[in-house]
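Novice: Structure in structure tokens, see below.
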């Protein structure tokens, strides 16, 4: 009888183990399926996020590249404008004597009675005391030609009473450039 009880207990135990294994297997399969489903959702979300991030990175790189191209284009345009205005300044400095002296005469129209006129060393043979005196006489004022040279490429410096008017080619070209650069750039670059 005890064998029958032991057999019954073993049989119930096996049935209980089989039921537990079956239920555990089902629970494990459900857990695995849920985990796989969640992993699939996370993978899909990650792929979407990666795609969006990739698009954002590409968009930023294109934007940076466009900015760099614009900077390079602006630098190239500036170099062209620098060269154009430098060549213009050189052409003015190299004008034939009569035209250059006419330019200086025009600058001397801004002189006031008693001004001292300073010139660059290069112009010493062109702009003489006689030339200055003639311009002054024509205007009815008194001007003197300085014995010291100005550190300029051309044009004149007018000074009196500690005040100086800079009519050098460099300053005149800078003012001219400021006025004309937008128009020149528009004609050159559209």
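Since every read-out is calculated from the coordinates, none of them should be taken as a lab result. Keep in mind that this is a model prediction, so the values were computed, not measured. In this analysis, Cβ positions are derived from the backbone assuming ideal geometry, glycine residues included, and neighbour counts consider all displayed protein chains.
Novice: Nearest 10 degrees, 0 to 90: what angle lies between the long axis of helix 129-139 and the longest principal axis of the chain (Cα atoms)?
Specialist: The angle comes out at about 90 degrees.
Novice: Taking R0 as 30 Å, what FRET efficiency do you get between residue 90 and residue 61 from their Cβ-Cβ distance, rounded to the nearest 0.05?
Specialist: The pair residue 90/residue 61 has a calculated efficiency of 0.10.
Novice: Counting pairs of Cα atoms in the chain, how many percent are more than 25 Å apart?
Specialist: The calculated P(r) of the chain puts 66 percent of pairs beyond 25 Å.
Novice: Over the chain, what is the relative contact order in whole percent, taking alpha-carbon pairs under 8 Å and six or more residues apart?
Specialist: That works out to 16 percent.
Novice: Taking Cα atoms, how many degrees apart are the long axis of helix 169-189 and the longest axis of the chain, rounded to 10 and kept between 0 and 90?
Specialist: That works out to roughly 50 degrees.
Novice: Classify segment 96-189 from the C-alpha gyration tensor, please: rounded if a/c falls under 1.5, else prolate or oblate depending on whether a/b exceeds b/c.
Specialist: Because a/c hits 1.5 or more and a/b exceeds b/c, segment 96-189 counts as prolate.
Novice: Among 92, 132, 57, determine the one that fluctuates most according to a GNM of the chain built with springs between C-alpha atoms less than 10 Å apart.
Specialist: 57
Novice: Gaussian network model of the chain, Cα springs within a sub-10 Å range: biggest mean-square fluctuation belongs to which of 112, 48, 68?
Specialist: 48
Novice: If you don't mind, another one. Compute the convex hull volume of the Cα atoms of segment 1-94, divide it by the residue count, and report the result per residue in Å³ as a whole number.
Specialist: Per-residue hull volume (Cα only) is 61 Å³.
Novice: Identify which of 95, 42, 74 has the largest mean-square fluctuation in a Gaussian network model of the chain, with springs joining Cα atoms closer than 10 Å.
Specialist: Highest fluctuation of the listed residues: 42.
Novice: Would you mind computing, in nm to one decimal, how far apart the modelled labels at residue 15 and residue 35 are, each placed 7 Å from Cα along Cα→Cβ?
Specialist: Once both label points are built, they end up 3.3 nm from each other.
Novice: Cα axis of helix 2-93 to longest principal axis of the chain: angle in degrees, 0 to 90, nearest 10?
Specialist: Long axis of 2-93 versus the principal axis of the chain: about 10 degrees.
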